Each structure stands twice: as structure tokens, then as C-alpha cells.
1. Condition first: in contact with a Ser or Thr (Cβ under 7 Å, 6 or more places away or on another chain) and either exposed (fewer than 15 other Cβ atoms within 10 Å of the Cβ) or farther than 15 Å from Leu10 by Cβ (or both). Now tell me which residues in region 54-83 satisfy that.
2. Applying the selection to region 92-110, what residues are of a type in the set (A, V, I, L, M), more than 12 Å from the chain's Cα centre (by Cα) and modelled with pLDDT of 90 or more?
3. Tell me, which residue of region 1-46 that is in contact with a strand residue (DSSP E or B) (Cβ under 7 Å, 6 or more places away or on another chain) and of a type in the set (D, E, K, R) is surrounded by the fewest Cβ atoms within 10 Å (Cβ to Cβ)?
4. Check Glu49 against each of (1) of a type outside the set (S, T, N, Q); (2) surrounded by fewer than 20 Cβ atoms within 10 Å (Cβ to Cβ); (3) closer than 18 Å to Trp77 by Cα; (4) over 14 Å from the mean Cα position of the chain (by Cα) and name the one condition it does not meet.
5. Looking at region 7-46, which of the residues that are without any contact (Cβ under 8 Å) to a residue 60 or more places away in the chain and of a type in the set (Val, Ile, Thr) is farthest from Val76 (Cα to Cα)?
6. Give the residues of region 90-104 that are free of Cβ contacts under 8 Å to residues at least 12 places away in the same chain and surrounded by fewer than 13 Cβ atoms within 10 Å (Cβ to Cβ), sorted by residue number.
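The values are calculated or read from the model by the stated rules, or taken from the named source; none is laboratory data. None of the values given here were measured: they were computed from a predicted structure. Neighbour counts are summed over all protein chains in view; Cβ atoms, including those assigned to glycine, are modelled from backbone coordinates with ideal geometry.
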Amino acid sequence: MAQVIELTSLDDYNAELKKPGVAVFDFYSTQCPPCKVVAPLYEKIAANETNRDVRFFKINGLIEPGSTIQQAVEVVWWPTFVIYDDGKETWRRKVPNPPSIEPVNELRVYLDGRG
């Protein structure tokens, strides 16, 4: 079972991109109602046994250093999910407001389709 790790520096973010494999990032804010709706769903996807080889992260874009990471990746909306495969961005979705779980379902389907 994968756990979701909070990244707190641009260096850590860049280090994760250099690692082989799939990494999923949830850009969020503590002041964002849609973020609070999708957070437990994101955690559930990370906990799914089929995703044991996937690395899951969250980045709070409201405060530093998360806002610096968010700016470097050109994320302009909370929440936004971004997937990298071997350091290359392969998928990106933002959750609308009012929140919809459709982007979360798309994330699950994308990850399920890797096998």
C-alpha cells in the first residue's frame, strides 16, 4: 500500500522526477473546498494494492515552498493532478468547482490501464 507524501521543496520534487517509474502529484490548498472533497478519494487510489509501484505526493500550493513548485510546473488551479512516467508528464487534470469526482475517476482509470 502506497502512502501519500507531502513534498515541501522544489529540490525534493525535482529528485522525484529523476526517479524511474510513475509519480502522481496532487496540487492542493488547505483553503480549497474541492480539494477537501477529493483528498480522501486520492488517498484511496494511493492505498489500492494495484498501485503499489506508483509514488503518490501532495503539494500545498497555497504556501511556500509549494507555491514555488506549483509555479514551476505551471499549475494554476486547485486541485490539479499531474502524472509523470520516468520524469515525463503523461497526464494532467484539474477538478472543477463545484467539485466533480470525474477527474478522480479518470486518474483511477489511467492508473488501472498501465497494467
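1. Leu62, Trp78, Ile83
2. Hit for region 92-110 is Val109, nothing else.
3. This residue is Glu6.
4. (3)
5. Ranking the qualifying residues of region 7-46, first place goes to Thr8.
6. If the condition is that a residue be free of Cβ contacts under 8 Å to residues at least 12 places away in the same chain and surrounded by fewer than 13 Cβ atoms within 10 Å (Cβ to Cβ), then Thr90, Glu102 are the ones that fit.
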